[in-house]
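A.B. asks: Below you'll find the structure I mean.
The values are calculated or read from the model by the stated rules, or taken from the named source; none is laboratory data. A quick note: this is a predicted structure, and the numbers were derived from the prediction, not measured. Note that each Cβ is placed from the backbone with ideal geometry, even for glycine, and that neighbours are counted across all protein chains shown. The protein model used for the area step is the full one, side chains on, heavy atoms only, and it has no ligands, DNA or RNA in it. Shrake-Rupley method; radii C 1.70, N 1.55, O 1.52, S 1.80 Å.
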Amino acid sequence: MSPDPEARELVLTIKRKSEIAEGVFLFELSSHDGAELPPFAPGSHITVTAPSGQKRRYSLCNDAAERDRYLIAVKQESSGRGGSLSFTRNVNEGDTITIEPPANEFEMAKSDPKSFIFIAGGIGITPIRSMILHCLRHGKHNFKLYYFTRTPQAMAFREQFAAGEFAGKVILHYDNGDPGQAYDLWPVLEERCGAHLYCCGPRGLMDAVRDMTGHWPDSAVHFEDFVGASAPHPDDKPFEVKLAKSGKSYEVAPGVSILDTLRRQGHMLASSCESGTCGTCRTRFSAGEPDHRDLVLSEREKRSEIMICVSRSKSPALTLDI
């Protein structure tokens with residue numbers, strides 16, 4: 001049966017899996033009969049259900065003109081919450097997976113700017129690659145890509161962006177994990193010159209670019225951040241989560257979310273992105289001090305609600321209205 005573009009979920013087949021950089025795996029997804037898939041625009045992502053049952057959002061990195069496949073690149077994150085490990089280790093060619101159709105929170109502006117500046121760090125190249133392919137297909141060569149990783153071996157699509165057709169349009173930079181070797185973006189961003197900027201990467205890179213573009217119009221600066229502050233912190237400590245309605249209490253260990261802790265105890269709770277970006281798992285709390293790590297709640301909402309997929313507690317205990 002071909003995918004239904006109106007369906008909430010699709011079952012697709014893994015047609016190809018390959019390691020394209022150190023710890024980065026490229027997956028090609030398509031319908032089993034090669035039928036057209038729901039369309040997407042550059043910057044789109046799909047929500048994938050990993051074998052562990054966790055849902056993760058991955059950017060589509062192929063040209064949006066391709067209607068018969070989706071390409072995603074997944075970095076194997078050993079320090080994450082387990083979704084990428086489950087997916088990269090346990091999903092193989094020929095397997096079927098369940099996804100939610102493409103959504104886009106990182107759209108390219110409808111206006112036609114004087115130029116495009118693309119800044120990518122690590123696996124943040126995935127939505128940027130789709131945008132660049134879109135530009136090339138429409139004859140737009142007025143772009144520059146700045147792509148940063150620790151080492152050449154960690155750089156996905158390195159051979160493509162090092163090819164002659166990108167000469168003068170791409171800067172590939174490796175810092176070997178040394179802040180002193182970081183690329184200086186200030187000369188690039190000091191003057192806007194009519195450009196639109198698109199940035200995706202680690203929190204440090206995103207924050208630096210935000211600081212350097214504070215004088216740019218908000219409409220000209222675009223960021224994509226699936227994980228951001230939701231990533232585990234090395235100083236995370238265990239805390240107690242109390243359920244007001246049942247009186248039960250559980251310890252939330254470092255590196256484990258409140259959501260996963262409660263699921264392991266048999267509680268059925270709604271969630272979707274599990275990266276603090278969709279709002280599905282918002283929960284009211286009545287006591288304690290949350291450590292908010294989501295990208296959804298307003299400052300007012302944070303006084304009474306918490307996203308249990310990513311946020312933790314600053315206090316020894318947190319009471320949820322569950």
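A.B. asks: Report, by chain and number, residues whose modeled amide H sits under 5 Å from the one on Val170, excluding near sequence neighbours (fewer than 5 apart, same chain).
C.D. replies: Hits under the 5 Å cutoff: Leu145.
A.B. asks: While we're on this one: Could you size up the charge dipole of the range 166-307 around its Cα centre, putting +1 on the beta carbon of Lys and Arg and -1 on that of Asp and Glu, and report it in debye to the nearest 20?
C.D. replies: 840 debye
A.B. asks: Which value in Å is the Kirkwood Rh of the range 246-285 over different Cα pairs?
C.D. replies: Every distinct Cα pair counted, the radius reaches 11.2 Å.
A.B. asks: Is the shape of the range 24-161 rounded, prolate or oblate, going by the alpha carbon gyration tensor and its root eigenvalues a ≥ b ≥ c, with a/c under 1.5 for rounded and a/b larger than b/c for prolate?
C.D. replies: The shape class here is oblate.
A.B. asks: Name the long-range amide H neighbours of Glu22: under 5 Å, sequence gap of 5 or more, or other chain; modelled H, no Pro or chain starts.
C.D. replies: HN-HN under 5 Å from Glu22: Ala154, Met155.
A.B. asks: If R0 is 25 Å, what FRET efficiency do you get for Ser304 and Ala103 from their C-beta distance, rounded to 0.05?
C.D. replies: With R0 = 25 Å, the Cβ-Cβ based efficiency is 0.40.
A.B. asks: Here's something else I'd like to know. Using the Karplus equation 6.51 cos²θ - 1.76 cosθ + 1.60 (θ = phi - 60°), what ³J(HN,Hα) coupling, rounded to whole Hz, does each residue of the range 176-186 give in order, writing x for Gly and Pro?
C.D. replies: Once rounded to whole Hz, the list reads 6, x, 9, x, x, 9, 5, 6, 8, 8, 4.
A.B. asks: Taking N as the number of residues in the range 141-222, what is its alpha-carbon radius of gyration divided by 2.2 N^0.38 Å?
C.D. replies: 1.14
A.B. asks: Ok, one more. Using only alpha carbon pairs under 8 Å that are at least six residues apart, calculate the relative contact order of the chain and give it in whole percent.
C.D. replies: The normalised contact order for the chain reaches 14 percent.
A.B. asks: Determine, for each peptide in 258-266, 120-128, the mean count of other beta carbons within 10 angstrom over its residues, then list the peptides with the highest first.
C.D. replies: So the peptides 258-266, 120-128, ranked by packing, come out 120-128, 258-266.
A.B. asks: In terms of Cα to Cα distance under 15 Å, which aspartates and glutamates are near enough to Lys242, apart from those fewer than 8 places away along the same chain?
C.D. replies: Of all the aspartates and glutamates, those that pass the test against Lys242 - Cα under 15 Å, at least 8 places apart if same chain - are Glu251, Asp260, Glu289, Glu305, Asp321.
A.B. asks: For the range 16-30, take each phi angle, set θ = phi - 60°, evaluate the Karplus expression 6.51 cos²θ - 1.76 cosθ + 1.60, and give the result in whole Hz per residue in order, putting x for glycine and proline.
C.D. replies: Listing the rounded values in order: 8, 9, 8, 8, 9, 7, 4, x, 10, 10, 9, 10, 9, 10, 7 Hz.
A.B. asks: Continuing with this model, one more query. Once you have a ≥ b ≥ c as the square roots of the Cα gyration tensor eigenvalues for the range 236-322, tell me rounded if a/c is under 1.5, and otherwise prolate or oblate according to whether a/b is larger than b/c.
C.D. replies: rounded
A.B. asks: Apply the a/c threshold of 1.5 to the C-alpha gyration tensor of the range 120-271 and tell me whether it is rounded, prolate or oblate.
C.D. replies: prolate
A.B. asks: Calculate one ³J(HN,Hα) per residue across the range 199-205 by plugging θ = phi - 60° into the Karplus curve 6.51 cos²θ - 1.76 cosθ + 1.60, and present them in order as whole Hz with x for glycine and proline.
C.D. replies: Values, residue by residue: 9, 8, x, x, 4, x, 5 Hz.
A.B. asks: Of Cys200, Ala103, Ala41, which is farthest towards the positive pole of the chain's charge dipole, taken about the Cα centre with +1 and -1 on the beta-carbons of Lys, Arg and Asp, Glu respectively?
C.D. replies: Positive-most Cα among the choices belongs to Ala103.
A.B. asks: Ok, one more. Calculate what fraction, in whole %, of the accessible area of the chain sits on carbon and sulfur atoms when a 1.4 Å probe is rolled over the protein chains.
C.D. replies: Answer for the chain: carbon and sulfur cover 48 percent of the accessible area.
A.B. asks: To the nearest 20 Debye, how big is the dipole of the chain about its Cα centre, given +1 on the beta carbon of each Lys and Arg and -1 on that of each Asp and Glu?
C.D. replies: Dipole size: approximately 500 debye.
A.B. asks: If you build a Gaussian network model of the chain, linking Cα atoms that sit under 10 Å apart, which residue out of His45, His32, His215 swings the most?
C.D. replies: His215
A.B. asks: Amide H neighbours of Phe239 under 5 Å, at least 5 residues apart or on other chains, H built in the peptide plane: list them.
C.D. replies: Amide H neighbours of Phe239: Val252.
A.B. asks: Let me ask something else about it. What residue among Val11, Pro232, His138 has its Cα farthest toward the positive end of the dipole of the chain, where the charges are +1 on Lys, Arg and -1 on Asp, Glu, each on the Cβ?
C.D. replies: Highest projection toward the positive end goes to Pro232.
A.B. asks: Let me ask something else about it. Residues of the chain: accessible area per residue at 1.4 Å, in Å²?
C.D. replies: I get 46 Å² per residue for this part.
A.B. asks: Express the relative contact order of the range 1-133 as a whole percentage, based on alpha carbon pairs under 8 Å and six or more residues apart in sequence.
C.D. replies: Dividing the mean separation by the residue count of the range 1-133 yields 32 percent.
A.B. asks: What percent do you get for the relative contact order of the range 185-260 when only Cα pairs under 8 Å and 6+ apart count?
C.D. replies: Across the range 185-260, relative contact order equals 24 percent.
A.B. asks: Relative to the longest principal axis of the C-alpha atoms of the chain, give the angle of the C-alpha long axis of helix 125-137, reported between 0 and 90° and rounded to the nearest 10°.
C.D. replies: So the inclination is approximately 30 degrees.
A.B. asks: Follow-up. Checking the cross-link filter: which lysines have an alpha carbon closer than 27 Å to that of Lys75, excluding same-chain neighbours under 8 positions apart?
C.D. replies: The qualifying lysines are Lys15, Lys17, Lys55, Lys144, Lys169, Lys237.
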